[in-house]
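Okay, so here's the structure we're looking at.
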Amino acid sequence: MAISACEICGKPFNDAIGKICSVCVKKVDETYTIVRKYMYQNPNNCDYISIIEDTEVSDKILNYLIKKGRIEVANKPGGASRCRACGKETSGSAVCEQCMARIVAEKLTSRKNEQPKAGKKPEDKNTPKSYHKFTGDR
(Lines give C-alpha, C1' and ligand atoms only; values in the text may rest on other atoms or scores of the structure.)
Protein backbone atom coordinates (compact mmCIF):
# COMPACT_ATOMS: atom_id res chain seq x y z
CA MET A 1 0.00 0.00 0.00
CA ALA A 2 1.48 3.26 -1.13
CA ILE A 3 0.47 6.84 -0.60
CA SER A 4 -0.60 8.67 -3.74
CA ALA A 5 -2.15 11.99 -4.66
CA CYS A 6 -5.87 11.90 -5.43
CA GLU A 7 -6.56 12.46 -9.16
CA ILE A 8 -9.33 14.93 -8.33
CA CYS A 9 -8.39 16.92 -5.21
CA GLY A 10 -4.64 16.23 -5.13
CA LYS A 11 -4.59 15.33 -1.43
CA PRO A 12 -2.43 12.37 -0.33
CA PHE A 13 -4.26 9.15 0.54
CA ASN A 14 -3.70 5.41 0.83
CA ASP A 15 -4.23 4.10 -2.70
CA ALA A 16 -5.38 0.60 -1.76
CA ILE A 17 -8.91 1.32 -3.00
CA GLY A 18 -8.16 3.19 -6.22
CA LYS A 19 -6.77 6.39 -7.68
CA ILE A 20 -9.09 8.80 -5.88
CA CYS A 21 -9.60 9.35 -2.15
CA SER A 22 -12.73 8.22 -0.31
CA VAL A 23 -14.08 11.78 -0.06
CA CYS A 24 -13.82 12.23 -3.83
CA VAL A 25 -15.31 8.77 -4.46
CA LYS A 26 -18.42 9.95 -2.64
CA LYS A 27 -18.45 13.23 -4.61
CA VAL A 28 -18.01 11.36 -7.91
CA ASP A 29 -20.92 9.04 -7.12
CA GLU A 30 -23.15 11.98 -6.14
CA THR A 31 -22.16 13.89 -9.28
CA TYR A 32 -22.82 10.85 -11.45
CA THR A 33 -26.33 10.53 -10.01
CA ILE A 34 -27.06 14.24 -10.55
CA VAL A 35 -25.72 14.27 -14.12
CA ARG A 36 -27.45 11.04 -15.09
CA LYS A 37 -30.78 12.35 -13.78
CA TYR A 38 -30.25 15.64 -15.67
CA MET A 39 -29.42 13.79 -18.89
CA TYR A 40 -32.59 11.67 -18.67
CA GLN A 41 -34.74 14.72 -17.99
CA ASN A 42 -33.12 16.84 -20.74
CA PRO A 43 -32.17 14.48 -23.58
CA ASN A 44 -31.97 17.29 -26.16
CA ASN A 45 -29.83 19.60 -24.02
CA CYS A 46 -26.99 17.38 -22.81
CA ASP A 47 -23.87 19.18 -23.91
CA TYR A 48 -20.93 19.76 -21.58
CA ILE A 49 -21.55 23.44 -20.82
CA SER A 50 -25.29 23.09 -20.17
CA ILE A 51 -24.66 20.21 -17.75
CA ILE A 52 -22.20 22.29 -15.74
CA GLU A 53 -24.38 25.42 -15.80
CA ASP A 54 -27.69 23.71 -14.99
CA THR A 55 -26.50 21.19 -12.40
CA GLU A 56 -23.64 23.25 -10.90
CA VAL A 57 -21.44 20.15 -10.70
CA SER A 58 -17.65 20.44 -10.65
CA ASP A 59 -16.11 20.42 -14.12
CA LYS A 60 -13.17 18.49 -12.69
CA ILE A 61 -15.43 15.66 -11.54
CA LEU A 62 -17.44 15.75 -14.77
CA ASN A 63 -14.18 15.44 -16.73
CA TYR A 64 -13.21 12.48 -14.53
CA LEU A 65 -16.53 10.76 -15.26
CA ILE A 66 -16.07 11.35 -19.00
CA LYS A 67 -12.47 10.12 -18.90
CA LYS A 68 -13.51 6.92 -17.11
CA GLY A 69 -16.28 6.33 -19.65
CA ARG A 70 -19.15 6.53 -17.16
CA ILE A 71 -20.73 9.48 -19.03
CA GLU A 72 -20.64 10.48 -22.70
CA VAL A 73 -21.16 14.18 -23.37
CA ALA A 74 -21.42 16.09 -26.65
CA ASN A 75 -19.57 19.34 -27.39
CA LYS A 76 -16.90 19.04 -24.72
CA PRO A 77 -14.57 22.07 -24.75
CA GLY A 78 -11.19 21.21 -26.22
CA GLY A 79 -12.69 18.86 -28.77
CA ALA A 80 -13.26 15.16 -28.65
CA SER A 81 -10.99 12.74 -26.87
CA ARG A 82 -8.31 10.94 -28.84
CA CYS A 83 -7.66 7.22 -29.05
CA ARG A 84 -4.56 6.28 -27.05
CA ALA A 85 -3.59 3.67 -29.63
CA CYS A 86 -4.07 5.33 -33.03
CA GLY A 87 -4.91 8.99 -32.29
CA LYS A 88 -8.33 9.06 -33.98
CA GLU A 89 -11.12 11.07 -32.33
CA THR A 90 -13.35 9.06 -30.00
CA SER A 91 -16.67 9.71 -28.32
CA GLY A 92 -15.03 10.18 -24.94
CA SER A 93 -13.51 6.76 -24.39
CA ALA A 94 -9.79 6.11 -24.14
CA VAL A 95 -9.66 3.81 -27.19
CA CYS A 96 -11.65 3.90 -30.45
CA GLU A 97 -13.91 1.01 -31.44
CA GLN A 98 -11.51 -0.39 -34.06
CA CYS A 99 -8.56 -0.46 -31.64
CA MET A 100 -10.76 -1.94 -28.90
CA ALA A 101 -11.80 -4.76 -31.26
CA ARG A 102 -8.15 -5.37 -32.18
CA ILE A 103 -7.08 -5.45 -28.51
CA VAL A 104 -9.86 -7.88 -27.59
CA ALA A 105 -8.93 -10.15 -30.52
CA GLU A 106 -5.26 -10.12 -29.47
CA LYS A 107 -6.19 -11.00 -25.88
CA LEU A 108 -8.37 -13.89 -27.03
CA THR A 109 -5.67 -15.34 -29.30
CA SER A 110 -2.99 -14.94 -26.63
CA ARG A 111 -5.14 -16.89 -24.15
CA LYS A 112 -5.54 -19.72 -26.64
CA ASN A 113 -1.79 -19.89 -27.22
CA GLU A 114 -0.78 -19.74 -23.55
CA GLN A 115 1.53 -22.45 -22.31
CA PRO A 116 0.48 -24.59 -19.33
CA LYS A 117 1.30 -23.05 -15.99
CA ALA A 118 4.88 -23.55 -14.79
CA GLY A 119 3.82 -25.16 -11.49
CA LYS A 120 2.04 -28.08 -13.13
CA LYS A 121 3.99 -31.01 -14.54
CA PRO A 122 2.70 -32.83 -17.61
CA GLU A 123 1.34 -36.25 -16.77
CA ASP A 124 3.67 -39.16 -17.41
CA LYS A 125 1.83 -42.13 -18.90
CA ASN A 126 4.19 -44.57 -17.13
CA THR A 127 3.44 -43.20 -13.66
CA PRO A 128 0.86 -45.29 -11.84
CA LYS A 129 -2.32 -43.41 -10.91
CA SER A 130 -2.86 -45.44 -7.73
CA TYR A 131 -0.52 -46.44 -4.97
CA HIS A 132 -0.04 -49.79 -3.26
CA LYS A 133 -0.03 -50.19 0.47
CA PHE A 134 3.43 -50.89 1.86
CA THR A 135 3.25 -54.05 3.93
CA GLY A 136 6.82 -54.08 5.12
CA ASP A 137 7.64 -57.41 3.41
CA ARG A 138 10.63 -57.41 1.14
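The values are calculated or read from the model by the stated rules, or taken from the named source; none is laboratory data. Given the structure is predicted, the values throughout are model-derived calculations rather than measurements. So basically every Cβ, Gly included, is an ideal-geometry build from the backbone, and we count neighbours across all protein chains shown.
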Inset, instruction - Please specify each residue of segment 32-62 satisfying the condition of being closer than 14 Å to E7 by Cβ and buried (at least 17 other Cβ atoms within 10 Å of the Cβ). - result: I61, L62
Legend entry - Test: D15 is modelled with pLDDT of 80 or more, of a type outside the set (S, T, Y) and touching a strand residue (DSSP E or B) at 6+ places or on another chain (Cβ under 9 Å): no
Legend entry - Residue list for segment 38-67, filter: among the hydroxyl-bearing types (S, T, Y), more than 16 Å from the chain's Cα centre (by Cα) and modelled with pLDDT of 85 or more: Y38, Y40, S50, T55, S58
Inset, instruction - Please go through segment 68-102 and pick out each residue that is within 23 Å of I49 (Cβ to Cβ), modelled with pLDDT of 75 or more and in contact with a Ser or Thr (Cβ under 8 Å, 6 or more places away or on another chain). - result: G69, E72
Inset, instruction - Within segment 4-37, track down each residue that is part of a loop (DSSP other than H, G, I, E, B) and over 19 Å from the mean Cα position of the chain (by Cα). - result: C9, G10, K11
